[in-house]
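The values are calculated or read from the model by the stated rules, or taken from the named source; none is laboratory data. Small disclaimer: the values here were computed from a predicted structure and weren't measured. Virtual Cβ from ideal backbone geometry, glycine too; neighbours counted across all protein chains shown. SASA here: full protein model, heavy atoms, side chains in, ligands and nucleic acids out. Shrake-Rupley method; radii C 1.70, N 1.55, O 1.52, S 1.80 Å.
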Amino acid sequence: RRLDAEAIRDSLLSVSKLLDTTMYGPGSLRTDMQRRSVYFFIKRGLPIPSMTLFDWPEHLVGIGRRSSTTIGPQALMFLNSPQVRRYAEGLTSRLQGRVKSEVIREAYRIAYSREPTNMEVAEGEKFIHQQQQLHKAEGSSNHIRSAMVDYCQSLLSLNEFLYIR
């Protein structure tokens, strides 16, 4: 079962440590708001695209049960959205200062609340190394951090982050 749109967004904010936990007060129409999704101000003619992409319900009518669709644009949002990239940068910041061998294990603990398998650690190290080489070849001044952001973005894009077993 996939998480609802609000839970997906709130989980991304929480994992990245960007979640503003301020309670009460007015809502907002800003899509980059960092408070919980319950504080979105709903305007009929101005839906929030990332939320409707994950079956945010129509707010003018009552519904007994939410639909749950799986479509290509959902994956594309995780690959191309500046907001998801910002969440990945936040997760990367949480991993700063860790021993290199511990970074992947801590990323799994934060994102999935579990330990990675040895194969997942090996694949993660391989991915990070490849991304570092790619960013270095492109002349990136901070190729190590860029590779880690790429890795964190890939973790946030996996089904394990979006679905409940």
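Within region 57-64, identify whether any single residue is open to solvent by 20 Å² or more (accessible area, probe 1.4 Å), at pLDDT below 90, under 22 Å from residue 31 (Cα atoms) and acidic (Asp, Glu), and answer yes or no.
yes
Being part of a loop (DSSP other than H, G, I, E, B) and surrounded by 13 or more Cβ atoms within 10 Å (Cβ to Cβ) narrows it down to one of 114, 98, 86, so name that one.
Result of the check over 114, 98, 86: 98.
If you scan region 86-122, which residues turn out to be acidic (Asp, Glu) and more than 20 Å from the chain's Cα centre (by Cα)?
102
Table: residues versus (1) in contact with a helix residue (DSSP H, G or I) (Cβ under 7 Å, 6 or more places away or on another chain); (2) open to solvent by 30 Å² or more (accessible area, probe 1.4 Å); (3) modelled with pLDDT of 95 or more; (4) in a helix (DSSP H, G or I).
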| position | (1), (2), (3), (4) |
| --- | --- |
| 52 | no, yes, no, yes |
| 55 | yes, no, no, no |
| 78 | yes, no, no, yes |
| 151 | yes, no, yes, yes |
| 155 | yes, no, yes, yes |
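Can you work out which of the residues in region 1-19 that are of a type outside the set (Gly, Ala, Ser) and assigned to a helix (DSSP H, G or I) is nearest to residue 84 (Cα to Cα)?
12
What number of residues in region 20-50 are of a type in the set (Val, Ile, Thr) and either modelled with pLDDT of 85 or more or not in a loop (DSSP other than H, G, I, E, B) (or both)?
So the count comes out to 3.
Mind listing whichever residues of region 92-144 are over 23 Å from residue 18 (Cα atoms) and among the polar types (S, T, N, Q)?
101, 117, 118, 130, 131, 132, 133, 140, 141
Kindly evaluate residue 103 against the criterion of being free of Cβ contacts under 8 Å to residues at least 12 places away in the same chain and of a type outside the set (Asp, Glu).
So residue 103 does not fit the description; no.
Among the numbered criteria (1) open to solvent by 50 Å² or more (accessible area, probe 1.4 Å); (2) over 24 Å from residue 13 (Cβ atoms); (3) in a helix (DSSP H, G or I), which single criterion is violated by residue 139?
Just one mismatch for residue 139, condition (3).
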